[in-house]
Amino acid sequence: MDFSSKLLENAVDEMSQLPGIGKRTALRLVLHLLKQPEEQTIRLTKALEKLKSDIKLCSNCHNISDHIICDICASPKRDRSLICVVEDIRDVMAIENTSQYKGLYHVLGGKISPMEGVGPQDLTITSLIAKVKKGNVNELIFALSSTMEGDTTNFYIYKQLSGLDIRTSTIARGISVGDELEYADEVTLGRSILNRIPFEGSLKAN
């Protein structure tokens, strides 16, 4: 792709680093930004700068937050004895959109995947187990996507909980095997949360 401007080329190169954005799409986006009023582009730039410099991870659940404790963990209306274990922020957003879940979350930051070099030590599993050991949690809901990596992560955490007095469950398989949680429709995901099954039962089913 030939560029008449080095500035344009640099902007396209940076934009194309985003996931799912090829060079042609990046060029279209950059040209769109060039056509917009300067103040709009400046607002976008400042928003991205503040996102990078000011964003925090909740010290309790590891969710992305504006504060040290996220709004969900800080809410007195949430059931603190119930924790839903998810992969990342997109899953929190998907479940919250169902309006069917009133507990807290724990964001792992990924799934165990030896093929990609991701082990248990790379996730927030240690802090999850420590949270359970404090004795204030009655149930963990495994809400990872129904992939091999998701199932492996669920089972690893389940084994780490051996001997602890806690109930474990997993979302009902209204979510198709192999599907990512964030792409499930709200009704199906909401029902999967409400109709969750004991995790031990899911092991026998497999």
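Computed from the coordinates by the stated procedures, all read-outs in this text should not be read as laboratory data. Being a predicted model, the structure only gives us computed values, none of them experimental. Cβ placement follows ideal geometry from the backbone for every residue including glycine, while neighbour counts extend to all protein chains displayed.
When ranked by the protection proxy of mean other Cβ atoms within 10 Å per residue, highest first, what sequence do the peptides 59-72, 115-128 form?
59-72, 115-128
What list do you get for TYR156, TYR101 if you sort them by fewest beta carbons within 10 Å?
In increasing order of surrounding Cβ atoms, one gets TYR156, TYR101.
If the viscosity is 0.692 mPa s and the temperature 37 °C, what Stokes-Einstein diffusion coefficient in µm²/s follows for segment 1-159 when Rh is the Kirkwood radius over Cα pairs?
Translational diffusion coefficient: 177 µm²/s.
What is the order of ASP88, ASP54, fewest Cβ neighbours within 10 Å to most?
ASP54, ASP88
Stretch PHE3-GLN100 to full length: gain in nm at 0.36 nm per residue minus the Cα-Cα span?
Length difference between fully extended and current span is 29.8 nm.
I'd like the Karplus ³J(HN,Hα) series for segment 87-98: coefficients 6.51, -1.76, 1.60, θ = phi - 60°, whole numbers in Hz, and an x wherever there's a Gly or Pro.
Per residue, the Karplus-derived 3J(HN,Hα) values read 6, 8, 4, 5, 6, 4, 4, 5, 5, 4, 5, 6 Hz.
Around ASP165, under 13 Å between beta carbons, what's the net of Lys plus Arg minus Asp minus Glu among the other residues?
Computed value for this residue: +2.
Quick one: net charge of THR126's neighbours, Cβ under 15 Å, K/R +1, D/E -1?
Neighbourhood net charge equals +3.
Any idea what % of Cα-Cα pairs in segment 77-180 are farther than 17 Å?
For segment 77-180, the share of Cα pairs beyond 17 Å comes to 50 percent.
Which log10 I(q)/I(0) values does segment 6-54 give at q = 0.15, 0.27, 0.30, 0.33 Å⁻¹ under the Debye formula, counting every alpha carbon as one identical point scatterer?
-0.43, -1.07, -1.10, -1.11
At a 10 Å Cβ-Cβ cut-off, how would you order MET148, MET15, MET1, fewest neighbours first?
So the ranking, lowest neighbour count to highest, is MET1, MET148, MET15.
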